[in-house]
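One structure is given here, and the rest of the page talks about it.
The values are calculated or read from the model by the stated rules, or taken from the named source; none is laboratory data. Because the structure is predicted, anything quoted here is derived from the model rather than measured. Here the Cβ positions follow ideal geometry from the backbone for every residue, glycine too, while neighbour counts run over all protein chains shown. Remember, those area values only see protein heavy atoms, side chains included, never the ligands or the DNA or RNA. Shrake-Rupley method; radii C 1.70, N 1.55, O 1.52, S 1.80 Å.
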Amino acid sequence: MKQSKYRLGKIGETLAKKYLQQNGFQILHSNWRSGHYEIDIIAKPSSASVIVFIEVKTRSTQRELNEHTVSEKQLVSLFNAAERYCLAQNQSFECRFDLIKIALTGNQHRLFHYPGIFSPADVD
């Protein structure tokens, strides 16, 4: 039975948070919202003084995961959300933008972490 996109996304975000915590990240927020902007995960690695904004993409097969990319519109939204987060915290942070891709097949999953894959220079 195929899982709903919402449920699939929630499972992926849970797996991503577990992975990040196991790799020394402190989870600051998940599904942080400001207006219509949302950031899947905001975390801080123990080894660096940087705030990491993480986009999580979860698909039901490896093939679907390989085909999926993050659109320019999604990137603009992510960067705007990060800017709002920094303003809301009333602080200036060194920021990094990561992508975590997860392929779920039954009870198995494959997780791929791409640190620093996005930059505001990536969009026009």
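Could you grab the pairs with beta carbons closer than 9 Å, sequence gap of 6+ or different chains, first residue in segment 86-97 and on the phi < 0 side of the Ramachandran plot, second one loosely packed, with under 11 Cβ neighbours inside 10 Å?
That search, which allows pairs on different chains as well, returns 86/92; 93/49; 94/49.
Being of a type in the set (Val, Ile, Thr), at pLDDT below 90 and closer than 20 Å to residue 21 by Cα is the filter here; which residues of segment 91-116 pass it? Steps first, please.
Let us first name the residues in segment 91-116 that are of a type in the set (Val, Ile, Thr), namely 100, 102, 105.
Now drop any that are not at pLDDT below 90, which leaves 105.
Listed by number, the list is empty, since nothing qualifies.
Keeping to segment 85-102, report how many residues are of a type in the set (A, V, I, L, M) and surrounded by fewer than 21 Cβ atoms within 10 Å (Cβ to Cβ).
First, pick out the residues of segment 85-102 that are of a type in the set (A, V, I, L, M): 87-88, 99-100, 102.
Applying the additional criterion that residues be surrounded by fewer than 21 Cβ atoms within 10 Å (Cβ to Cβ) yields 87-88, 99.
Number satisfying all stated conditions: 3.
Considering each residue of segment 1-32, count those that are charged (D, E, K, R) and more than 20 Å from residue 78 (Cα to Cα), and give that number. Explain how you work it out, then say what you get.
At the first step, the residues of segment 1-32 found to be charged (D, E, K, R) are 2, 5, 7, 10, 13, 17-18.
From the residues that got through so far, the ones that are more than 20 Å from residue 78 (Cα to Cα) too are 2, 7, 18.
Residues flagged as charged (D, E, K, R) and more than 20 Å from residue 78 (Cα to Cα) within segment 1-32 amount to 3.
Looking at segment 31-43 only, could you name the residues that are surrounded by 17 or more Cβ atoms within 10 Å (Cβ to Cβ) and closer than 24 Å to residue 110 by Cα?
Within segment 31-43, 39, 40, 41, 42, 43 qualify.
List the number of the failed condition for residue 109; all other conditions in (1) open to solvent by 80 Å² or more (accessible area, probe 1.4 Å); (2) on the phi > 0 side of the Ramachandran plot; (3) not aliphatic (A, V, I, L, M) hold.
Result: residue 109 fails condition (2) only.
What pairs come up if the first residue lies in segment 1-22 and is surrounded by 13 or more Cβ atoms within 10 Å (Cβ to Cβ), the second is among the acidic types (Asp, Glu) and at pLDDT 95 or above, and their beta carbons are under 8 Å apart, counting only those six or more places apart or on different chains?
13/40; 16/40
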